[in-house]
Amino acid sequence: QKEVEQDPGPLSVPEGAIVSLNCTYSNSAFQYFMWYRQYSRKGPELLMYTYSSGNKEDGRFTAQVDKSSKYISLFIRDSQPSDSATYLCAMSPNAGGTSYGKLTFGQGTILTVHP
Amino acid sequence: KAGVTQTPRYLIKTRGQQVTLSCSPISGHRSVSWYQQTPGQGLQFLFEYFSETQRNKGNFPGRFSGRQFSNSRSEMNVSTLELGDSALYLCASSRSDRGNEAFFGQGTRLTVV
């Protein structure tokens, strides 16, 4: 079983819809949680970076972390065709040693927003 | 502020050859990590450098190596290339001492024939 599970989709929604993307994880040591957006043939772009449980909002994006359930979410409001991309969740523990610089990624969810 | 720069963007190599990829981190970032991305395995961690020291290494064979220079620029080297090494190689830099708030470059697409 993978440490981080993410439904690969694909997910197709109409423009203006609210999109919900999710990841579950098994490693209770994970404390930092990130969401990346990756367009085709590009590198991942950091969208959200959160520590421990709670919500964080940035424009049309909201990240939620529920450590008790080992579940994180990314919500995209008023989705646009330009949001069409692969969305990757990533996590890391709050420790050094074998954790330095190492993010554990989900497989990514392919999202298409159609006009 | 310039982002993470990786060169070259594309490479085609023959089995058995070696290759060196370069990464210039965001100014002021001292942590540099490398990842391999393939359709089947997703993003997998190769290694991380901080102040010229390798602090962490993933589960890759010894053919994969790297280094970091005093200006934080980093290189990774793959020797005796195999067909399975074909992938997108991504470099990420971080201002965090833990190296976890990572900003990625555009990657180097390596094809081994």
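Less than 15 Å Cβ to Cβ from A:GLN64, Lys/Arg counted +1 and Asp/Glu -1: what total charge do the surrounding residues give? My count for the surroundings of A:GLN64 gives +2.
Give, as ranges by residue number, the residues of region A:39-75 whose backbone N falls under 16 Å from the point 7 Å along Cα→Cβ of A:ALA17. Residues A:74-75 qualify, since their backbone N sits under 16 Å from the label point. Please sort by residue number the chymotrypsin sites (Phe, Trp or Tyr not before Pro) in region B:39-95 whose DSSP state is loop and whose Cβ has at most 12 other Cβ atoms within 10 Å. Taking region B:39-95 and a limit of 12 other Cβ atoms within 10 Å, the loop chymotrypsin sites (Phe, Trp or Tyr not before Pro) found are B:PHE69.
Here the label points at A:THR98 and A:GLU5, each 7 Å from Cα along the C-beta direction, are separated by 2.3 nm in the simple model.
Distance from the C-alpha centroid of region B:12-32 to that of region B:51-92: 7 Å, rounded to the whole angstrom. Rank B:GLU52, B:GLU101, B:GLU75 by mean-square fluctuation in a GNM of chain B with C-alpha springs under 10 angstrom and give only the top-ranked residue. Fluctuation is largest for B:GLU101.
Backbone phi angles across region A:16-31, fed through the Karplus curve with coefficients 6.51, -1.76 and 1.60 (θ = phi - 60°), yield HN-Hα couplings of x, 6, 8, 9, 10, 10, 9, 9, 10, 9, 10, 8, 5, 7, 5, 10 Hz in residue order; Gly and Pro are listed as x. Taking a ≥ b ≥ c as the square roots of the eigenvalues of the Cα gyration tensor, region B:19-64 is prolate, since a/c reaches 1.5 or more and a/b is larger than b/c.
The string of couplings for region A:65-81 from the Karplus curve (6.51, -1.76, 1.60, θ = phi - 60°) is 10, 10, 5, 5, 9, 6, 9, 10, 9, 10, 10, 10, 8, 6, 4, 10, x Hz, one whole number per residue in order, with x for Gly and Pro.
FYI, it's all coordinate maths here, none of it is from the lab. Quick caveat, the model's predicted, so the values are computed rather than measured. Ideal geometry is used to build each Cβ from the backbone, glycine not excepted, and the neighbour counts take in all protein chains shown.
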